[in-house]
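Below: the structure, in structure tokens.
The values are calculated or read from the model by the stated rules, or taken from the named source; none is laboratory data. What you are looking at is a predicted structure, and each value in this text was computed from that prediction instead of being measured. Neighbour counts are summed over all protein chains in view; Cβ atoms, including those assigned to glycine, are modelled from backbone coordinates with ideal geometry.
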Amino acid sequence: MLDIAAAFLVITAVLAYFNRKYIGLPPAIGVMTIALGLSLVTIVLDRAGVGVPRDYEESLLRSVDFSELLMQGMLSLLLFAGALHVDLSALRSYRWQIAALAGVGTVASTLLVGFVLWYGLSFTSVALPLPYCLLFGALISPTDPIAVMGILRSAGAPRDVELVIAGESLFNDGVGVVLFSLLASMAVSGDAPTPVQGAMLLMREAGGGIALGLALGYVAYRMLKSINSYQEEVLITLATVIGGYALASRLHVSGPLAMVVVGLIVGNHGRALAMSDKTRMHVDMFWELIDEILNAVLFVLIGLEVVVIAFSSGLAVGGLIAIAITLGARLVTAGMPIGLLRPVFRLPAGAWKVLTWGGLRGGISVALALSLPASPQRDIVVGLTYMVVVFSILGQGLSIGKVVRRSMPCSMHSS
């Protein structure tokens, strides 16, 4: 395990260095672009009869369970780090807008993507049953907070728009993971739960996750407030995140939602009322470094994963259809409501374009797809997911700044 961790850290550090010195893309996009390019080179070399680089890369990737690594290891740390600097009072003023997008929007997008994809793929050589199409809808509908918050920082969006996108991406994760679990059991077993059973599971997972987050956040806050020593206080935040996520898994409640709530409590009440300036500086620096390092490793892994995905011409066509459907569903479930109900959402003109194009997908979608049991349908879902995620990060991520500048130049100036 140490050799594998060392290999990925060295690869990530080298790619981050080359991106910073020679390319200059945003860090996450830069390392993923280079990793993807290197992976494509190994595939070309393999086709030309030089298979050693690809064989090494494949063996390295197969030694790591990407889904397990992200969902049980990195995700808790990244979600807490992301929530740590979200202004809770500002978030509270947009709570109904964020709840509508994260809850109703995610469920609506799941159904829309699933049914339209099932219809669209009927015109291709790719055969995917409806339950797996709905499963794809569930894993691709939540926007990825890791991708969104990392890339939004450099996009220059107005503060209120950035807050709504970030808040939605932090909370729709929990809804998406619960929907995915529900649909995965249905796709594998063939038994469809009743609407009441589905609603109860959603309430238990999501409500339980939020309740656990509130309890953990309060305990951490009281501990932080009772001492003044940055070494122990940093350790308390780290233990709360890792221990709390493990506890959520044991209790079968949403770990992602619990970590978001803990991050909001520690990042707002904890930083303001329970930490000295020195402690606040060290806590911020620690979690910023954790966020940057794990983000870089995650995006390198996404770029490298292309070598273990079985692509075909039919799947490539299906992927293009999936990209169009995913963007269309984002427009219908997020962009149009914001554009038509602008007084209700209280966002500037043009915000609907930024919300639509800024709904990035990332590693969480790939991890959920890879967590499915081995089957031909799983291979199709993984391939479609990977194409949507790569387009989202490279296509949408690199152009979101231009969309922001064109859609709301006056709002940016005033903000």
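Some values worked out for this structure:
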item	result
Breaking point among (1) part of a helix (DSSP H, G or I); (2) surrounded by fewer than 24 Cβ atoms within 10 Å (Cβ to Cβ); (3) aromatic (F, W, Y), for Y132	(2)
Some residue of region 252-260 being of a type outside the set (S, T, Y), in a helix (DSSP H, G or I) and surrounded by fewer than 23 Cβ atoms within 10 Å (Cβ to Cβ)	no
Count of residues meeting criterion [closer than 20 Å to L372 by Cα, in a helix (DSSP H, G or I) and at pLDDT below 75] in region 187-212	4
Single match in A215, A184 (criterion: at pLDDT 90 or above and in the same structural domain as Q396 (by TED's automatic domain parsing))	A215
Helices (runs of 4 or more DSSP H) within region 1-104 that include 1 or more residues over 25 Å from E168 (Cα atoms), at pLDDT 90 or above and touching a Gly at 6+ places or on another chain (Cβ under 8 Å)	2-18, 27-47
Residue in region 294-304 that is modelled with pLDDT of 95 or more, hydrophobic (A, V, I, L, M, F, W, C) and crowded, with 23+ Cβ neighbours inside 10 Å present	no
Of all residues in region 105-122 being of a type in the set (G, A, S) and within 18 Å of S169 (Cα to Cα), the one that is farthest from the chain's Cα centre (by Cα)	A108
Unique match (being more than 27 Å from L315 (Cα to Cα), modelled with pLDDT under 90 and within 21 Å of the chain's Cα centre (by Cα)) among G350, G363, G401, G339	G401
Residue list for region 337-388, restricted to those being touching a Gly at 6+ places or on another chain (Cβ under 8 Å) and among the basic types (K, R)	K353
The listed residue being farther than 26 Å from R378 by Cβ, among the small types (G, A, S) and exposed (fewer than 15 other Cβ atoms within 10 Å of the Cβ), out of A199, A211	A199
